[in-house]
Amino acid sequence: QVQLVESGGGLVQAGGSLRLSCAVSGSIFSINTMGWYRQAPGKQRELVAFTSGGSTRYGNFVKGRFTMSRDNAKNTVTLQMNSLKPEDTGDYYCAAFEGGVDYWGKGTLVTVSS
């Protein structure tokens, strides 16, 4: 069983930065694919970034502003977000995909004021 706990959300002005963290229970060494997703109010959940097989991919809207990284030794995954925009506001979720099962955290709220 994999449990994920996100942290690091909060209120930030446009142009600012936030660093989200996802603490993973147990070892993430064997988890090949992990991702960050977000859901804005009234919108569907969308992919922000994911790592799989050693490579990282980002949603088209990221445009170089976010960086996802994972630390297998610390069992954490982070999302560094820079140049934040009001449209980045939403709940951000960490996800892990292992053995055909997906695991999700409860999310952390990011609010970007204009």
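The values are calculated or read from the model by the stated rules, or taken from the named source; none is laboratory data. All figures in this text were calculated on a predicted structure; none of them were measured in a lab. FYI the Cβ positions are ideal-geometry reconstructions off the backbone, even for glycines, and counts take in every protein chain you see. We work out accessible area using only protein heavy atoms, side chains counted, and drop any ligands, DNA or RNA first. Shrake-Rupley method; radii C 1.70, N 1.55, O 1.52, S 1.80 Å.
For the range 30-45, state whether one or more residues are out of contact with any Phe, Trp or Tyr (no Cβ under 7 Å at 6 or more places or on another chain), surrounded by fewer than 18 Cβ atoms within 10 Å (Cβ to Cβ), at pLDDT 95 or above and more than 14 Å from Leu109 (Cβ to Cβ).
yes
Are there any pairs, at least 6 apart or on different chains, whose C-beta atoms fall under 6 Å, with the first in the range 39-61 and in contact (Cβ under 8 Å) with a residue 12 or more places away in the chain and among the aliphatic types (A, V, I, L, M) and the second assigned to a loop (DSSP other than H, G, I, E, B) and surrounded by 10 or more Cβ atoms within 10 Å (Cβ to Cβ), and if so, which?
Cβ pairs passing all conditions: Leu47/Gly59; Val48/Gly59.
Among what's in the range 83-105 and is of a type in the set (Asp, Glu) and over 13 Å from the mean Cα position of the chain (by Cα), pick the residue that is modelled with the highest pLDDT.
The residue in question is Glu87.
Out of the residues in the range 10-29 that are open to solvent by less than 70 Å² (accessible area, probe 1.4 Å) and in a strand (DSSP E or B), which is farthest from Phe66 (Cα to Cα)?
Val24
In the range 57-67, what residues are of a type outside the set (A, V, I, L, M, F, W, C) and surrounded by 15 or more Cβ atoms within 10 Å (Cβ to Cβ)?
Those that are of a type outside the set (A, V, I, L, M, F, W, C) and surrounded by 15 or more Cβ atoms within 10 Å (Cβ to Cβ): Tyr58, Gly59, Arg65, Thr67.
State the number of residues belonging to the range 46-56 that are over 12 Å from the mean Cα position of the chain (by Cα) and of a type outside the set (Ser, Thr, Tyr).
The number of residues fulfilling the criteria is 2.
Do any strands (runs of 3 or more DSSP E) lying entirely in the range 60-114 carry at least 1 residues that are among the charged types (D, E, K, R), and which ones are they?
Passing ranges, in order: 66-71, 90-98, 101-104.
Under 9 Å between Cβ atoms, at least 6 apart or on separate chains: pull out the pairs that start in the range 9-36 with a residue that is closer than 19 Å to Thr56 by Cα and free of Cβ contacts under 8 Å to residues at least 60 places away in the same chain and end on any residue that is in a strand (DSSP E or B) and of a type in the set (Phe, Trp, Tyr).
Trp36/Phe50; Trp36/Phe66; Trp36/Tyr92; Trp36/Tyr93
State whether one or more residues within the range 68-76 are within 21 Å of Ala14 (Cα to Cα), within 11 Å of the chain's Cα centre (by Cα), open to solvent by less than 60 Å² (accessible area, probe 1.4 Å) and small (Gly, Ala, Ser).
Checked against the condition, which is being within 21 Å of Ala14 (Cα to Cα), within 11 Å of the chain's Cα centre (by Cα), open to solvent by less than 60 Å² (accessible area, probe 1.4 Å) and small (Gly, Ala, Ser), the range 68-76 yields no hits at all.
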